[in-house]
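These notes concern the structure reproduced below.
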Amino acid sequence: MCRRSLWPAWATLLLLYLVGLLAGQVGQAKACGRVQIDTTAVVNLPSVLVRSSYRTRPLSGEERAAYWRRIRDVKKTLPYAKYVAATIIETYEYMESLESDEEREAHLKRVEQELKAEMEPKMRDLTLRQGQLLIKLINRQCGQTSYELVKAFLGGWRAWWWNAFAKVVGANLKSPYNPKEVEDDAVTERIIRLLEMGLL
């Protein structure tokens, strides 16, 4: 099996060696009095993803299909999670500027109606697996579970109600995102990093 890499390790070592040679020659030229200008070499290296070999065997057909399904699901749900995080931050900051509770409640109802009108058709297109992943990605983006967010903005009763509805269909708003301990979340985190680097 051939190993593909955008920037092989030997090319990095070669580049560092050439930079070292250049710096050494500049230093020798200064010592001989031939160069009167102080120069510094600046090299911008591409970012490199460093990871240990976590798999010792090739993926089976089922594992490969599940991995590509996860890539598809992350590509579909990550923009929604980022949108939710940005909307929550914007709503919270605006609500802090409002003086009365009535204004806050009115603004919150208006935002809820706008989000429902805009996002409900998109959410209906998600599969159950994508919905479960979206719940975890919202936790990743916001630092709080979806249950905590609904409870903070809409109250405990509605948070309990939405969580009960989610459990009926096979999801859980209290699902945490923990890539350090849960392998499924670690796979998702690797996919997100590769997407952010433009490698997928």
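The values are calculated or read from the model by the stated rules, or taken from the named source; none is laboratory data. What you see is a predicted model, and the numbers here were worked out from it, not measured in a lab. Here the Cβ is made from the backbone with ideal geometry for all residues, glycine too, and neighbour counts use every protein chain on show. Side chains are part of the model used for accessible areas, which takes the heavy atoms of the whole protein and leaves out ligands, DNA and RNA. Shrake-Rupley method; radii C 1.70, N 1.55, O 1.52, S 1.80 Å.
Scanning the stretch 160-178 for residues that are closer than 15 Å to Q141 by Cα and open to solvent by 40 Å² or more (accessible area, probe 1.4 Å) yields K174, P176, N178.
Counting only residues that are open to solvent by less than 90 Å² (accessible area, probe 1.4 Å), over 17 Å from A159 (Cα atoms) and part of a helix (DSSP H, G or I), the stretch 112-134 holds 10 of them.
Take the residues in the stretch 23-51 that are modelled with pLDDT of 65 or more and small (G, A, S), then tell me which one is surrounded by the most Cβ atoms within 10 Å (Cβ to Cβ). Ranking the candidates gives A41 first.
In summary, L199 fulfils each of the numbered conditions (1) open to solvent by less than 30 Å² (accessible area, probe 1.4 Å); (2) touching a residue at least 40 places away in the same chain (Cβ under 8 Å) with the single exception of condition (1). Taken as a whole, the structure leaves I138 outside the set of residues that are loosely packed, with under 15 Cβ neighbours inside 10 Å and of a type in the set (A, V, I, L, M, F, W, C).
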